[in-house]
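Read the structure below first, then the notes.
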Ligand SMILES: C[S@@+](CC[C@H](N)C(=O)[O-])C[C@H]1O[C@@H](n2cnc3c(N)ncnc32)[C@H](O)[C@@H]1O
């Protein structure tokens, strides 16, 4: 992800007043936000929004809330939302940890997607990784019983950390023995296809709330 293109900037300014949700430290009424009582899903770290937009387009029966901090990424997702005419996707441009803690009421989500979170490769930086026990406990409480938390990564040692952290959360249950097959709703991105051709693995983890 690099600098902002002129198109991203244009779409950011045109779309965020319509589909952006400002960060406010108060509970968000998701039903009111989308204007209907459809299943609600959260995606943390949408990046350039390729996967986010494709999933929302394929599942008009669900509502999606994407959280991303990086402005060119938000601009890129805004462009996709406009071009694809998506009506079931909203964006919060803010730190996801604060959004979850301050804005998302408990037991409101039927799914949470965290695809390829920043790996923070150096050992001394592992503490910056998103998937840590306290945050996973917070995420789990936002899920309805039976709702799922789906993480994917292409870093083996982060996959192992995810597996340990999610397995140790008492309210979560693994849907697979360890790693799960890629669910069909998660499309293969160009980046991932290229990685697979080079022999790089990807690990999916899908856990459900008890
Ligand atoms: C490696 S990228 C992956 C993007 C995308 N999910 C994909 O699969 O292509 C990780 C993304 O998470 C975002 N991110 C990292 N920490 C975040 C946080 N605390 N809150 C919101 N977004 C975050 C980064 O800006 C970046 O866009």
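With no solvent and one point on each alpha carbon, what is the Debye value of log10 I(q)/I(0) for region 1-68 at q = 0.16 Å⁻¹? Once normalised to I(0) and log-transformed, intensities are -0.66. For region 55-99, the pair-distance distribution built from all alpha carbon pairs, in bins 10 Å wide starting at 0, is 27, 53, 20 percent.
Among 116, 207, sorting on how many other beta-carbon atoms sit within 10 Å of each Cβ, with the fewest leading, yields 116, 207. Here 16, 84, 103, 162 are placed in order of increasing Cβ neighbour count within 10 Å, fewest first, which gives 84, 16, 103, 162. For the chain, the Kirkwood radius over C-alpha pairs fed into Stokes-Einstein at 25 °C and 0.890 mPa s yields D = 140 µm² per second. Computed over the chain with a Gaussian network model linking Cα atoms closer than 10 Å, the most mobile of 117, 17, 133 is 17. Based on Cα contacts under 8 Å between residues 6+ apart, the chain shows a relative contact order of 21 percent.
Going from the residue with the fewest nearby Cβ atoms within 10 Å to the one with the most, 160, 61 rank 61, 160. Mean-square fluctuations from a GNM of the chain, with a 10 angstrom spring cutoff on Cα atoms, peak among 47, 66, 195 at 195. Under a Gaussian network description of the chain, with springs only between Cα atoms under 10 Å, the residue in 34, 191, 135 that fluctuates furthest is 191. Shape summary of region 47-168, radius of gyration then Dmax from alpha carbon positions: 14.8, 43 Å. Applying Stokes-Einstein at 10 °C and 1.306 mPa s to the Kirkwood radius of region 96-153, computed over alpha-carbon pairs, gives a translational diffusion coefficient of 130 µm² s⁻¹. In the calculated pair-distance distribution of region 1-119, the portion above 22 angstrom amounts to 27 percent of the Cα-Cα pairs. If you take the Cα centroid of region 14-86 and the Cα centroid of region 192-210, the two points sit 23 Å apart.
Against the empirical 2.2 N^0.38 Å (N residues), region 107-210 has a Cα radius of gyration ratio of 1.06.
Bear in mind these aren't lab numbers, they're just calculated from the coordinates by the rules spelled out. In this text, all values refer to a predicted model and were calculated from it rather than measured experimentally. Because the Cβ atoms are built from the backbone with ideal geometry, glycine has one as well, and the counts that use them run over all protein chains shown.
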